[in-house]
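Here the structure comes first, spelled out in structure tokens, and everything after it is commentary.
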Protein chains: 2
Amino acid sequence: MPVAKKIQASMEKSSWIRRMFEEGIARKAKFGAENVFDFSLGNPNLEPPLNFKRALIELANDPSPSLHAYMPNAGLPATRKAVADYLTENNRQTFSPDDIVMTVGAGGALNVVLKTLLNPGEEVIIPSPYFVEYNFYLDNHQGVPKIVKTKPDFSLDLPALENAVTDKTKAVLINSPNNPTGKVYSKEDLRDLGELLSAYSRKLGRPIYLVSDEPYRKIVYDGIPVPSVFDAYPESFVVTSFSKDLSLPGERIGYAAVNPEISDKGMIMGGMILCNRVLGYVNAPAFMQRAVARLLRDSVDISLYQMKRDMLCNGLSECGYEFEKPGGAFYLFPKTPIEDDVAFVQALQEENILTVPGSGFMGPGHMRIAYCVDDRTIEKAMPGFERVMRRYKK
Amino acid sequence: MPVAKKIQASMEKSSWIRRMFEEGIARKAKFGAENVFDFSLGNPNLEPPLNFKRALIELANDPSPSLHAYMPNAGLPATRKAVADYLTENNRQTFSPDDIVMTVGAGGALNVVLKTLLNPGEEVIIPSPYFVEYNFYLDNHQGVPKIVKTKPDFSLDLPALENAVTDKTKAVLINSPNNPTGKVYSKEDLRDLGELLSAYSRKLGRPIYLVSDEPYRKIVYDGIPVPSVFDAYPESFVVTSFSKDLSLPGERIGYAAVNPEISDKGMIMGGMILCNRVLGYVNAPAFMQRAVARLLRDSVDISLYQMKRDMLCNGLSECGYEFEKPGGAFYLFPKTPIEDDVAFVQALQEENILTVPGSGFMGPGHMRIAYCVDDRTIEKAMPGFERVMRRYKK
């Protein structure tokens, strides 16, 4: 076999998602892109804020030397300082640049944290439904995912999480606001999770870490707060990116921050900086590090996503779809009226509506609708959503 | 232990290099940066070409939508097309965009290729001295390095390479022009290596791949040619970056290209695209992909590096240093007059001259001098080089 066995298996496994993706491309070619309603990807449709554009132009015109040179693997000192200041402003803790590693997006940040922490065979508990790319990230470092269902409203099921702890548990990985459900975990849930992890850390005589993936932190609605994991638990990391709130997913820029109160901080940060290097990232892209340092308090206009959420929720509710109204992110995760979510998603595809089966997120009986799309797409897809629901509803 | 055992061990192992690095920083603080002669890092001192600057300004002012959005994991189609056209221009083969994956630098490209190919325990043969970061890249994917010494002139030792082939050999990884030696492998050596690999591939009933890491391809002197691995062997990959020839190491932009004649190309490219995604890179940074597409035929002024090489070689030769005059890259790898290269490098450090012991590249009894520095640094360091040589020479 020319490629590694694992890689070949992964390619085969992902091929039905790819087939759906290709079917979407074929439909766009056949019916015209404007007649295909693509809710399949979390690719933000809003342009980056004007301040980002201004920053790019200023930075491109900066005559200083060495702007594109190597730097410390943790990132540009000025950018790390800016991130630390921003986090200090928004948290109870005081952050220093030494608590920050700039990364190639949140994907890079997660790989850096996981490689730093995981010995082969160690387990990471993940509430489901979840972004299944995490499986690859764990496998990259020979970690083992332990998947624990959330409650029907997608909030954390603390007794189930407790049940999943073993002597191999190294970390719990959460994602709030959540992809694919849009759920924002409450302060009480995080506090309880923190207490649970404290108790088991004492029992095991070593910390179980809490890693929070938060690229959607700024994308929340109706003024709902996104509570801090740093407050809930000292042995915690936040990984994030500017992909969603600044609409920069192609630029691969994000960071990992450790709780300033984490134990063994020196060793952990040393490990993360080493891993950022040896994973081949080396450092986060220099130009975008300089850009985002100026944009930490900016974001796209979140109210536009809120209007899309409301338009979609109202429309689907009228058609008889059942769902938890999301507090954040730009995904809706409705129940499919039949158990077989793949069949339902295929029926929608025949109406030129592209969504992703919940099974793809370990949330069968649901589908994910990414509503980071034009308002017109939502509007024009609604009759199709209605027709398919009418056909399947008991 | 808070961090993975392997990560802790790596941190401890690299700590003497770090101590030297920190000693350098301390010396700069004490004596003033202008009085410390830092030849320790391959951080190009030349600024990127003016065309790069112009491209940045134009791209920053581009009002088109979706410039920072997600894209195919292989990279922007226009950039892949530009790279394919460039490679077609400079090789006997005809390249298509489907032969190219844009990556987060050559480090990213190497990790993508290695993860695609390696099953746990499979071996990669590497001629030494070499860039030991490769060890980490192999270990990331549970590959095993098999190190084979080059000849005294740093050219490939074909019988020794042949000796190292086992039934676990998956690939040979070469780097030409070479870091740390500056050696450029000859057409004949590559042809012989290709024939060797063809013979053993037939024997094993599966290809042994040849991976060539070529970030220094444009940095060559006296018109010396850098022969193509694509011509030497069909089952081959080139990984490279724009870090050195455009002086952009902080931007993390490069690519992997497969030989258009490689077997199982579809599966290999599919694997590489998957690996670019699941390693957390996702795609190479969008903005720099657009920039480098316009700069494929550009480079910094290589004649400036040639002058530095000559100044350094002439000076050191007069002091009695022995070395192979490098044909490319910006490193000189002289013999140390005593066996203990670390001791000699420490003696140079007392003269405020910072170099790296050859042992750090599996080339003991040598030291690496990175001459991508100001001419003045070379000039002013020469008396120190002389004093230390005089002290140690038998």
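The values are calculated or read from the model by the stated rules, or taken from the named source; none is laboratory data. Fair warning: this is a prediction, and the values are worked out from it, not measured in the lab. Backbone-built Cβ (ideal geometry, glycine too); neighbour counts: all protein chains shown. Accessible surface is based on the protein model in full, side chains and every heavy atom, while ligands, DNA and RNA are left aside. Shrake-Rupley method; radii C 1.70, N 1.55, O 1.52, S 1.80 Å.
Mean projected area of the Cα convex hull of region A:152-220, taken over all directions, amounts to 4.9 nm².
Tell me, in nm to one decimal, what length is gained between A:E12 and A:S198 on full extension, where the rule is 0.36 nm per residue of separation less the Cα-Cα distance? Write down the numbers at each step before the final one.
Numbers: separation 186, 0.36 × 186 = 66.96 nm, distance 4.06 nm.
Here the segment from A:E12 to A:S198 would lengthen by 62.9 nm.
Based on the Cα coordinates of region A:1-69, what is the per residue volume of their convex hull in Å³?
Details: hull volume 14.4 nm³, N = 69.
Cα-based convex hull of region A:1-69, divided per residue, equals 208 Å³.
On the beta carbon distance between A:K149 and B:K265, with R0 = 56 Å, the FRET formula returns roughly 0.85.
The residues of chain B present an accessible area of 38 Å² per residue when probed at 1.4 Å with all protein chains retained.
Over all directions, what mean area does the Cα convex hull of region B:111-226 project, stated in square nanometres?
On the way: hull surface 27.7 nm².
Average projection, Cα convex hull of region B:111-226: 6.9 nm².
Comparing Cα centroids, region B:30-80 and region B:112-144 end up 28 angstrom apart. Normalised Debye scattering of region A:304-394 at q = 0.13, 0.19 Å⁻¹ gives log10 I(q)/I(0) of -0.36, -0.81, counting only Cα atoms as equal scatterers and leaving out solvent.
From the alpha carbon centroid of region A:327-381 to that of region B:249-288 is 30 Å.
If eta is 1.567 mPa s and T is 4 °C, what Stokes-Einstein diffusion coefficient results for region B:348-394, Kirkwood Rh from Cα pairs, in µm²/s?
On the way: Rh = 11.6 Å.
Once the numbers are plugged in, D ends up at 112 µm²/s.
Relative to the longest principal axis of the Cα atoms of chain A, the long axis of helix A:105-117 makes an angle of roughly 50 degrees. In a DSSP loop and with at most 12 other Cβ atoms within 10 Å, the trypsin sites (Lys or Arg not before Pro) in region B:268-357 are B:R297.
Electrostatic bookkeeping for B:A256 treats Lys and Arg as +1 and Asp and Glu as -1; over the other residues with beta carbon under 15 Å from its beta carbon, the sum is +1.
Mind checking the full-extension length gain between B:S64 and B:E318? Use 0.36 nm per residue of separation minus the Cα-Cα distance, one decimal, nm.
On the way: separation 254, 0.36 × 254 = 91.44 nm, distance 5.80 nm.
Separation in residues times 0.36 nm, less the Cα-Cα distance, equals 85.6 nm.
Sorted from closest to farthest, the other copies place their B:P65 label points 4.4 nm away, with each point set 7 Å from Cα along Cα→Cβ.
Across the identical copies, the label point of B:Y86 (7 Å from Cα in the Cβ direction) is separated from its matches by 3.1 nm, in order from shortest. Relative to the longest principal axis of the C-alpha atoms of chain B, give the angle of the C-alpha long axis of helix B:341-350, reported between 0 and 90° and rounded to the nearest 10°. Around 60 degrees separate the two axes. Contact-buried residues of region A:257-297, at a threshold of 40 Å² lost accessible area versus the chain by itself: A:M267, A:L274, A:R277, A:V278, A:L279, A:G280, A:Y281, A:P285, A:F287 (1.4 Å probe; DNA, RNA and ligands ignored).
Pairs with C-alpha atoms separated by more than 31 Å, drawn from the list A:K244/B:K6; A:K5/B:K183; A:K218/B:K53; A:K5/A:K146, are A:K244/B:K6; A:K5/B:K183; A:K218/B:K53.
At q = 0.13, 0.20 Å⁻¹ the log10 of I(q)/I(0) for region B:183-287 amounts to -0.59, -1.13, computed by Debye summation with a single uniform scatterer per C-alpha, solvent ignored.
Which percent, nearest 5, of DSSP beta bridges in region A:195-349 are antiparallel? So the antiparallel bridges in region A:195-349 amount to around 60 percent.
Can you tell me the FRET efficiency between A:D222 and A:I338 if r is taken as the Cβ-Cβ distance and R0 is 35 Å, rounded to the nearest 0.05? Once the sixth-power term is evaluated, E becomes 0.65.
Kindly state, as a whole number, the per residue volume in cubic angstrom of the convex hull around the alpha carbon atoms of region A:39-126. Let's see the in-between values first.
Numbers: hull volume 17.6 nm³, N = 88.
Looking at region A:39-126, the number lands at 200 Å³ per residue.
Note down the net charge around B:N119, summing +1 for each Lys or Arg and -1 for each Asp or Glu among other residues with Cβ under 13 Å from its Cβ.
The answer is +3.
Under the simplified labelling scheme, the B:R54-A:R297 pair shows an inter-label distance of 3.9 nm, with each label point 7 Å from Cα along Cα→Cβ. Distances, shortest first, from the label point of A:P383 to those at the same position in the other copies read 8.8 nm; the point lies 7 Å along Cα to C-beta. Remark: accessible area buried at the A-B interface is about 5800 Å², both chains counted, probe radius 1.4 Å. Of the solvent-accessible surface of chain A, computed with a 1.4 Å probe and all protein chains present, 52% belongs to carbon and sulfur. For chain A, the convex hull spanned by the alpha carbon atoms encloses 155 Å³ per residue. Counting charges near B:E351 (Lys, Arg +1; Asp, Glu -1) among other residues having Cβ under 12 Å from its Cβ returns a value of +3.
How far is helix B:302-319 tilted, in degrees, relative to the longest principal axis of the Cα atoms in chain B, given as a value from 0 to 90 rounded to the nearest 10? Approximately 30 degrees, to the nearest 10.
Projected area of the protein assembly as shown, taken from the Cα convex hull and averaged over every viewing direction, in nm²?
Working: hull surface 131.7 nm².
Mean shadow area of the hull around the Cα atoms is 32.9 nm².
Placing pseudo-labels 7 Å out from each Cα toward the beta carbon at A:K5 and A:K81 gives an inter-label distance of 5.3 nm.
Along the positive direction of the dipole of region B:1-158 (beta-carbon charges: Lys, Arg +1; Asp, Glu -1; about the Cα centre), which of B:F136, B:L114, B:S66 reaches farthest? The Cα lying farthest towards the positive end belongs to B:F136.
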